[in-house]
Amino acid sequence: NAGVTQTPKFRVLKTGQSMTLLCAQDMNHEYMYWYRQDPGMGLRLIHYSVGEGTTAKGEVPDGYNVSRLKKQNFLLGLESAAPSQTSVYFCASRLAGGSSYEQYFGPGTRLTVT
Amino acid sequence: GNSVTQMEGPVTLSEEAFLTINCTYTATGYPSLFWYVQYPGEGLQLLLKATKADDKGSNKGFEATYRKETTSFHLEKGSVQVSDSAVYFCALLKTGNQFYFGTGTSLTVIP
């Protein structure tokens, strides 16, 4: 049981390049989230998904796209990277319903855009 | 809207000192409240939670009480250890699927 894994762990992009971050979970969780973490800003929600084939915008969705073609995977895409997207990106997942509400986080991806 | 305000850091304490990290929230109705901890180089982990007013969440010696009258969820520990050095995040979940996080408070415990 690997929990939540993220690929890659580090990446450096030039302005205008594109890339996709992969999040995978093996806990059969319905909900998945992408956050970015910036100094002094805490975690901010980019996009989230409540199930396979569904996605929704969070607090800071501009410049990002997401897809959830399989329940276990949640992809975050940057079509044209900008220096403002330099950040640490965290994926999280959790069960739907119940009273736990616990999110399980991946180890993060550190992205630098030059 | 929904938001969480956390005490600014960083906080430096000696081992065995008492810890308080303040957290207040803005939300309508009755959100669920959480404290998450992030150790260096890792993702966040749930530390404790409270889902209704006057609930007390506790774990690993940490406690926080959901106070609706003061819209607060302050984190406390009676005697901190070096291994408690981490960044602590307060968060809320209103009905729906979005969590709102505070900015985080960095704690360093020195021997």
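The values are calculated or read from the model by the stated rules, or taken from the named source; none is laboratory data. Note that the coordinates shown come from a computational prediction; the quantities given were computed from them, not determined experimentally. Here the Cβ is made from the backbone with ideal geometry for all residues, glycine too, and neighbour counts use every protein chain on show. Accessible surface areas use protein heavy atoms only, side chains included; no ligands, DNA or RNA. Shrake-Rupley method; radii C 1.70, N 1.55, O 1.52, S 1.80 Å.
Taken over region B:10-23, residues that are within 14 Å of another protein chain (Cβ to nearest Cβ) and either of a type in the set (Asp, Glu) or open to solvent by 40 Å² or more (accessible area, probe 1.4 Å) (or both) amount to 1. On the stretch given as region A:5-29, residues that are open to solvent by 60 Å² or more (accessible area, probe 1.4 Å), under 20 Å from residue A:72 (Cα atoms) and not in a strand (DSSP E or B) total 3. The residues of region B:71-97 that are in contact (Cβ under 8 Å) with a residue 24 or more places away in the chain and more than 24 Å from residue B:13 (Cβ to Cβ), listed by number, are B:71, B:92, B:93, B:94, B:95.
The residue of region B:87-111 that is nearest to the other protein chains (Cβ to nearest Cβ), among those that are assigned to a strand (DSSP E or B), open to solvent by 10 Å² or more (accessible area, probe 1.4 Å) and under 18 Å from residue B:42 (Cα atoms), is B:101.
When the residues of region B:46-77 are filtered to those that are within 14 Å of another protein chain (Cβ to nearest Cβ) and farther than 22 Å from residue B:18 by Cα, the one that is most open to solvent (accessible area, probe 1.4 Å) is B:52.
Take the conditions more than 14 Å from every other protein chain (Cβ to nearest Cβ), surrounded by 17 or more Cβ atoms within 10 Å (Cβ to Cβ) and in contact with a strand residue (DSSP E or B) (Cβ under 9 Å, 6 or more places away or on another chain) and apply them to residue B:83. Does it pass? Write out each step before concluding.
Details: more than 14 Å from every other protein chain (Cβ to nearest Cβ): yes; surrounded by 17 or more Cβ atoms within 10 Å (Cβ to Cβ): no; in contact with a strand residue (DSSP E or B) (Cβ under 9 Å, 6 or more places away or on another chain): yes.
Criteria not met by residue B:83.
If I filter region A:30-44 down to residues being without any contact (Cβ under 8 Å) to a residue 12 or more places away in the chain and outside any strand (DSSP E or B), which single residue comes out as surrounded by the most Cβ atoms within 10 Å (Cβ to Cβ)? First the steps, then the outcome.
So the first thing to find is which residues in region A:30-44 are without any contact (Cβ under 8 Å) to a residue 12 or more places away in the chain, and the list is A:39-42.
Checking the rest, the ones that are also outside any strand (DSSP E or B) come to A:39-41.
Working: A:39: 9, A:40: 7, A:41: 13.
Per the stated criteria, the residue is A:41.
Scan region A:47-62 for residues that are more than 10 Å from chain B (Cβ to nearest Cβ), of a type in the set (A, V, I, L, M, F, W, C) and not in a loop (DSSP other than H, G, I, E, B) and the total you get is 0. Residue A:47 falls short on exactly one of the conditions (1) touching a Pro at 6+ places or on another chain (Cβ under 6 Å); (2) surrounded by fewer than 19 Cβ atoms within 10 Å (Cβ to Cβ), and that condition is (2).
Within region A:69-107, being farther than 28 Å from residue B:39 by Cβ and either within 12 Å of chain B (Cβ to nearest Cβ) or of a type in the set (S, T, N, Q) (or both) holds for A:80, A:97. A search for C-beta distances below 7 Å between a residue of region B:49-61 that is under 17 Å from residue B:77 (Cα atoms) and any residue that is hydroxyl-bearing (Ser, Thr, Tyr) and crowded, with 16+ Cβ neighbours inside 10 Å, counting only pairs 6+ apart in sequence or on different chains, returns B:49/A:101; B:49/B:32; B:50/B:66; B:55/B:66; B:56/B:65. Scoring residue B:31 on the criteria (1) open to solvent by less than 10 Å² (accessible area, probe 1.4 Å); (2) under 19 Å from residue B:106 (Cα atoms) leaves a single failure, condition (2).
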